[in-house]
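Handing you a structure now.
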Amino acid sequence: MTPADFRRIALSLPGAEEGSHMGAVDFRVGGRIFATLASVEEGYGNLVLTPEVQADFLAEEPRIFLPIKGGWGRMGMTHIRLPVAGKEVLEGALRTAHQLRVAKNSKPAPKKRLRH
């Protein structure tokens, strides 16, 4: 798959919009990022997953998915190797990232405690 495929599929998801974050193309739903093309020069798309979903993806398709290095990867941020990902895998991965973001957006924000 290609960055153009990634973009087309991401934008086909309900409510998805293209934006930019730190100079990289991103895809948002409800104003929040679910995927980016920040690592496209390395042949990757990036997905915002949970650590649990990331672990499932890595176990299922270790040649296609890998965690982003450092703390971002430990939080679930995941590379997808575009040249080796098939259409069904890319569609499913983007759909999963989109659904996770929609679900997270629907949860009420935690209440902040006021300090006296």
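Report whether or not GLY86 is under 23 Å from ALA16 (Cβ atoms), more than 14 Å from the chain's Cα centre (by Cα) and surrounded by 14 or more Cβ atoms within 10 Å (Cβ to Cβ).
no
For the stretch 73-94, what are the residues that are farther than 12 Å from PHE6 by Cβ and of a type in the set (A, V, I, L, M, F, W, C)?
MET75, MET77, VAL84
Which one is surrounded by the most Cβ atoms within 10 Å (Cβ to Cβ), of the residues in the stretch 1-30 that are free of Cβ contacts under 8 Å to residues at least 12 places away in the same chain and assigned to a loop (DSSP other than H, G, I, E, B)?
It comes out as SER12.
I've got another one for you. Out of ALA55, ALA59, ALA93, which single residue is modelled with pLDDT of 95 or more, surrounded by fewer than 12 Cβ atoms within 10 Å (Cβ to Cβ) and part of a helix (DSSP H, G or I)?
ALA59
Also, I was wondering about something else. Looking at the stretch 62-83, which of the residues that are in contact with a Lys or Arg (Cβ under 8 Å, 6 or more places away or on another chain) and of a type outside the set (Lys, Arg) is surrounded by the most Cβ atoms within 10 Å (Cβ to Cβ)?
Restricting to residues being in contact with a Lys or Arg (Cβ under 8 Å, 6 or more places away or on another chain) and of a type outside the set (Lys, Arg), the top hit is PHE65.
Shifting gears a bit: If you take the residues in the stretch 38-50 that are touching a Lys or Arg at 6+ places or on another chain (Cβ under 7 Å) and not hydroxyl-bearing (Ser, Thr, Tyr), which one is farthest from GLY92 (Cα to Cα)?
That would be GLY43.
The values are calculated or read from the model by the stated rules, or taken from the named source; none is laboratory data. Predicted model only: the values in this text are computed from it and were never measured. Using ideal geometry, Cβ is built from the backbone for each residue, glycine included, and neighbour counts are taken over all protein chains shown.
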